[in-house]
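Here's the structure, in structure tokens; my notes come after.
The values are calculated or read from the model by the stated rules, or taken from the named source; none is laboratory data. Everything numeric here is computed off the predicted structure, so don't read it as measured data. Please note: Cβ atoms are built from the backbone with ideal geometry, for glycine as well, and neighbour counts cover all protein chains shown. Just so you know, the surface numbers come from the protein's heavy atoms only, side chains and all, with ligands and any DNA or RNA stripped out. Shrake-Rupley method; radii C 1.70, N 1.55, O 1.52, S 1.80 Å.
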Amino acid sequence: MNVHLTKSQIGLDGVPAAETVLSHVDGERGELVIAGEHVADLAGKSSFEGVTARLWTGATGKALSEANVRASLGAARERAFRRLPELLPATRGLSIVDGFRAAIAPLRAENGLEHEATIVGAFPVIAGALVQRAEGGDPISPDPTLSHAADTLAMLLNRKPEPREVAALDAYFVTVCDHGMNASTFTTRVVASTQADLFAAVTAGYCALTGPLHGGAPEPVLEMLDAIGTPARIKPWVDNALERGERLMGFGHRVYRVRDPRADVLKAAIGRLAADGADLPFASEVEAYIRQALRRKNPDRPLETNVEFFTAILLDALAIPRPAFTPIFAVARAAGWTAHAREQQRTGRLIRPSSSYVGPIPGPANG
Ligand code: ACO
């Protein structure tokens, strides 16, 4: 009784809770393998639909091709658009992040259609509708002939995206579609381990994603860059923030002890996008100084750039409104969540850890 746990035990650091064929994070070497390929290789040659096909095939054992997934996501986006009148009322008065949660919660099975596609197809339609509403407009109807990335951008921006913009968003989707046992995937698997359905599991995963220690970091990254403003202010701003004990968004990771491999994949995608909106040299200068300052502050705890730093710059360069960043992360991560939920239901076991009781110990029971 009353055994206090260490910080690592409380955070379940390094505790494996599932066997998976979906993705693997090697934090010491800075490597991420998704569906059997290094993330940098995958982002160069696979579309979001291609990697999603591999994840769903791995999770269910049923072979799917990129073309199958492209067709089923296109159809699912159309079905979701038809359901918007039923999904959107619950989002009234809510922010985009909270409205997204309210709109995905009532998603349900549709006459025997694959739940995975229903979920992943609905996400960009809902995100697009919430963004349009925030700008005073009506939802833009999806085009099932487009790729998921192209249609997502069209629904968000209310215009035909350029090929370089589609390529950048597709690279982002591939890069962040799955990432081992991160907090939202673990949450998804815990819910799926009770044999609750995919809709419940993925809604729970989204809730876990919204916190700033996980998928809620990109908006604060841009706020930080705005607050720093000029190269001359980098050092004093960062030094002051660290002195106040603040966490700098977009840096540090529970698993990576070296640079998050996704950061460089996204940095390269921003370079190819060559958008006017992305001040990559300034962001790189801020990044370099923060890495140096974090090494000085925590010499024994490597704190490197994580995926969220360049996510923020990439999504901003695509003119996606900041309040939609977390839902857009969810659009991509839904591929991983649905795969993990299926894999958990097929091969896992109820996840039910224990806790260490540190409360008062009563005397012997009277009854
Ligand atoms: N800025 C400043 N200091 C930091 C940061 C940071 N970004 N991250 C960790 N530290 C410090 C902690 O304050 C702590 O210092 P202390 O020992 O003096 O108290 C030390 O480094 C160790 O931190 P932990 O709390 O053990 O790190 P943990 O593994 O729990 O945290 C996390 C990982 C949550 C990502 C953390 O690094 C963080 O808060 N980063 C900022 C938010 C962020 O970028 N979130 C996105 C993560 S990527 C993703 O989820 C998709």
Among residues of segment 239-283, those that are more than 16 Å from the ligand (Cβ to nearest atom), open to solvent by less than 30 Å² (accessible area, probe 1.4 Å) and of a type outside the set (A, V, I, L, M, F, W, C), counted:
0
Check whether at least one residue in segment 289-300 is part of a helix (DSSP H, G or I), away from the ligand (no atom under 12 Å from the Cβ) and surrounded by fewer than 21 Cβ atoms within 10 Å (Cβ to Cβ), and report yes or no.
yes
Here are some conditions: (1) touching a residue at least 60 places away in the same chain (Cβ under 8 Å); (2) open to solvent by less than 30 Å² (accessible area, probe 1.4 Å); (3) under 15 Å from the mean Cα position of the chain (by Cα); (4) within 16 Å of the ligand (Cβ to nearest atom). Residue 322 meets all but one. Which one does it not meet?
(2)
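Per-residue answers, yes or no, for (1) open to solvent by 40 Å² or more (accessible area, probe 1.4 Å); (2) within 16 Å of the ligand (Cβ to nearest atom):
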residue: 2; (1), (2): yes, no
residue: 28; (1), (2): yes, yes
residue: 36; (1), (2): yes, no
residue: 80; (1), (2): no, no
Yes/no for residue 329 being within 16 Å of the ligand (Cβ to nearest atom), surrounded by 16 or more Cβ atoms within 10 Å (Cβ to Cβ), at pLDDT 95 or above and outside the structural domain of residue 76 (by TED's automatic domain parsing)
no
Report every pair of residues separated by at least 6 positions or lying on different chains whose Cβ atoms are under 7 Å apart, first residue within segment 232-255 and touching a residue at least 40 places away in the same chain (Cβ under 8 Å) and assigned to a helix (DSSP H, G or I), second more than 8 Å from the ligand (Cβ to nearest atom) and open to solvent by 60 Å² or more (accessible area, probe 1.4 Å).
234/285
In segment 43-77, which residues are surrounded by 21 or more Cβ atoms within 10 Å (Cβ to Cβ) and at pLDDT below 95?
43
Tell me which residues, restricted to segment 305-319, are part of a helix (DSSP H, G or I) and away from the ligand (no atom under 14 Å from the Cβ).
316, 317
When the residues of segment 204-227 are narrowed to those that are surrounded by fewer than 21 Cβ atoms within 10 Å (Cβ to Cβ) and either in a loop (DSSP other than H, G, I, E, B) or β-branched (Val, Ile, Thr) (or both), which ends up farthest from the ligand (Cβ to nearest atom)?
210
